[in-house]
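Participant: Submitted below is the structure of interest, expressed as structure tokens.
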Amino acid sequence: RAVVEAVLSFGERTNRQTLGLTRSEAASPASQLVLNSHALEDASRRPLVVGVFQNQSPEFIREMVETCGLDLVQLHGSEGMAAANQELCGVPAIRVVDIASDPETGKASENAVETILNSITTDPLAILLDTSIKGQKDGGGTGVTFDHTIAERVQNAGLPVIIAGGLTPDNAPDVILSTRPWGVDVSSGVEASPGTKDHDKVKTFVEGVKAAAIEASKGF
């Protein structure tokens with residue numbers, strides 16, 4: 001709630017940001033996610049507050065959405081694609097898809113791309129690819145990168161994605177230049193200590209990814 005109040009204090013808006021989503025019953029999951037990406041891009045011109053949840057009930061998520069005034073939610077657990085439906089969450093939901101990576105080699109399974117493409121539904125607002133380490137905790141948040149050619153191949157199949165996992169001010173620009181993701185997500189990579197953001201790292205990260213995005217868009 002404190003984060004929402006801080007965002008509202010900027011004076012750019014006075015209540016929850018509403019996304020102008022266009023839903024088509026005939027749209028394929030990839031087509032719907034492309035439509036969603038345009039709406040999310042427009043809405044992101046102002047700060048959005050995203051609540052992160054892992055295996056909580058829809059009732060709890062909706063309660064937190066209403067109590068805190070969240071704009072979006074992000075699901076990190078094993079809830080499945082259908083759990084990201086807006087009617088269940090109360091607001092649009094970003095669905096995290098874990099890329100299971102071998103702790104020794106860092107490689108994902110050979111059919112990782114096909115598995116992702118076959119699992120997508122029209123329920124989520126967007127798809128966020130994050131790293132999970134086989135045999136360790138579920139739900140991403142590992143601070144470890146995955147094989148970004150997976151993201152590139154998913155996008156080449158027409159599915160816009162957000163990349164997370166191990167991004168820092170040093171490596172994020174190169175990831176954008178090589179992969180051209182729809183977006184990136186960072187947390188521990190811009191922290192001074194666990195749970196405390198380093199303002200200089202955040203500034204450097206934002207400046208670096210903006211410059212890389214402009215360069216990556218040339219010729220498109």
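The values are calculated or read from the model by the stated rules, or taken from the named source; none is laboratory data. Values in this document were obtained by computation on a predicted structure and should not be read as measured data. Don't worry about glycine lacking a Cβ; one is built from the backbone with ideal geometry, like all the others, and counts go over all protein chains shown. Surface areas here come from the heavy atoms of the whole protein model, side chains and all, with no ligands, DNA or RNA. Shrake-Rupley method; radii C 1.70, N 1.55, O 1.52, S 1.80 Å.
Participant: I'd like the Karplus ³J(HN,Hα) series for region 205-217: coefficients 6.51, -1.76, 1.60, θ = phi - 60°, whole numbers in Hz, and an x wherever there's a Gly or Pro.
Facilitator: Whole-Hz 3J(HN,Hα) from phi for region 205-217: 4, 4, 4, x, 6, 5, 5, 5, 5, 5, 5, 5, 7.
Participant: Please arrange I214, I61 by accessible surface area, largest first, computed with a 1.4 Å probe and ligands excluded. Don't skip to the answer; put the middle values down first.
Facilitator: Working: I214 110, I61 5 Å².
Listed by decreasing accessible area, they come as I214, I61.
Participant: So what J values fall out for region 82-92 if you push phi through Karplus, 6.51 cos²θ - 1.76 cosθ + 1.60 with θ = phi - 60°, rounded to Hz, Gly and Pro as x?
Facilitator: 4, 5, 8, 5, 4, 5, 6, 8, x, 9, x
Participant: Quote the relative contact order of the chain in percent (integer), defining contacts as alpha-carbon pairs under 8 Å separated by 6+ residues. Let's see the in-between values first.
Facilitator: On the way: 375 pairs, mean separation 32.5, N = 220.
In percent, rounded to a whole number, it is 15.
Participant: Scan the chain and report its longest stretch carrying no trypsin sites (Lys or Arg not before Pro) that are both in a DSSP loop and have at most 14 other Cβ atoms within 10 Å.
Facilitator: Values: sites that count: R1, R13, R23, R45, K107, K134, K137, K218.
Of all site-free stretches, the longest is 138-217.
Participant: With loop defined by DSSP as not H, G, I, E or B, and exposure as at most 15 other Cβ atoms within 10 Å, which is the longest segment of the chain clear of exposed GluC sites (Glu not before Pro)? Before the final figure, lay out the partial values.
Facilitator: Working: sites that count: E12, E25, E104, E110.
No qualifying site falls inside 111-220, the longest such stretch.
Participant: Per DSSP H run of at least 4 residues, take -39500 (n - 2.57); add these up for the chain, divide by its residues and hand me the 222 nm value, nearest 500 deg cm²/dmol. Working shown, then result.
Facilitator: Working: 8 runs with 79 residues, N = 220.
It lands at -10500 deg cm²/dmol.
Participant: Further question: If you build the Cα gyration tensor of the chain and take the root of 5 times each eigenvalue, what three semi-axes come out, in whole angstrom, biggest first?
Facilitator: Semi-axes (√(5λ), whole Å): 24, 22, 19.
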